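Following: one structure in structure tokens, then a few remarks.
The values are calculated or read from the model by the stated rules, or taken from the named source; none is laboratory data. Keep in mind that what you see is a predicted model, and the values were worked out from it rather than measured. Cβ atoms come from the backbone with ideal geometry, glycine included; neighbour counts cover every protein chain shown. When the accessible area is computed, the model is the full protein with side chains, heavy atoms only, and any ligands, DNA or RNA have been set aside. Shrake-Rupley method; radii C 1.70, N 1.55, O 1.52, S 1.80 Å.
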Amino acid sequence: MNVLILSVTLWIVQAALTLAMCLCVYRMVRGPRAQDRILALDALYVCAMLVLLSFGVRTGSTIYFEAALIIGMLGFVATVSLAKFLMRGEVIE
Amino acid sequence: MINFSHADVPLWAAIVGSAFLLVGAGLTLIGTFGLVRLPTFYERIHAPTLGTSWGAAGMIMGSMIIFTAASARPVFHEILIGIFVTVTTPVTLMMLGRSALYRDRSELNPGVPPKGADDLSTTDENSAETLS
């Protein structure tokens, strides 16, 4: 029973997160301006991090947690540097 | 290093953790749906925060409950992701919104509020100009 509940839930969760990533990619491809694309990239990073967390629950190992942590940190740095590039035209002054 | 199979998870933990996982994934999906549907950038910037606040928190709480119940000892390391995402998302989105406002003002786009006397970003832009 608990195995059935967990597998059905993880299937639904991963399908929802994949659909969310597809919507982010749609906004990133279509987005009228650069700031829309950066915002969609940030949301895509978060969705990828949550997909890795759900993989960790599915496989029952903690390796995926570390990958998710690294994705979260790199996503923050990437979005900050891209926003700074939009504002100033250069990343490091 | 923790390894468990799904048969080790007790039934109550499976139900509660699954509910949290579903809430988290559903809120993330709603947030990205808003990212696609909302008309202007300044409305769109609010939508993905649904995924970074309660979307991530729901997934993390579900994962913590399942890991704790399956390995029979407290497992709290996922909360690191929650703290980090909660702290950094406002910073990134505030910088992104301010750079978008700067671009819209410099291109004189309609629908952008004018630069006011009590605007906090005026001092920062002036200092940026003097620095560069």
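Worth pointing out:
- Going by accessible surface with a 1.4 Å probe and the largest first, B:Arg37, A:Arg37, B:Arg103 read B:Arg37, A:Arg37, B:Arg103.
- Percentage relative contact order, chain B, counting C-alpha pairs under 8 Å, at least six apart: 24
- Relative contact order (%) - criterion: Cα under 8 Å, at least six apart; region: chain A: 24
- Total charge dipole magnitude, the stretch B:6-131, about the Cα centre, Cβ charges on Lys, Arg, Asp, Glu only, Debye to nearest 20: 340
- For A:17-28, mean number of other protein chain Cβ atoms within 10 Å: 5
- With DNA, RNA and ligands ignored, accessible area of A:Asp42 (1.4 Å probe; Å², nearest 10): 20
- Placing +1 on the Cβ of every Lys and Arg and -1 on the Cβ of every Asp and Glu, with nothing else charged, gives the stretch A:2-88 a dipole about its Cα centre of roughly 360 debye.
- In degrees, nearest ten, helix B:56-71 long axis to first principal axis of chain B (Cα): 20
- The mean number of partner chain beta-carbon atoms within 10 angstrom of a residue's beta-carbon across peptide B:86-99 is 5.
- Inter-chain neighbour count for B:63-75: the average number of beta-carbon atoms from partner chains within 10 Å of each residue's beta-carbon is 2.
- The alpha carbon convex hull volume per residue for chain B rounds to 150 Å³.
- At most 13 other Cβ within 10 Å, DSSP loop - chymotrypsin sites (Phe, Trp or Tyr not before Pro), the stretch B:63-93: B:Phe76
- Diffusion coefficient, µm² s⁻¹, Stokes-Einstein with Kirkwood Rh over alpha-carbon pairs of the stretch A:2-88 at 10 °C and 1.306 mPa s: 113
- Euclidean distance between Cα centres, the stretch B:14-41 to the stretch A:35-82, Å: 15
- The interface between chain A and chain B buries about 4900 Å² of solvent-accessible area in total (1.4 Å probe, ligands and nucleic acids excluded).
- Accessible area, probe 1.4 Å, largest first, for residues A:Arg30, B:Arg44: A:Arg30, B:Arg44
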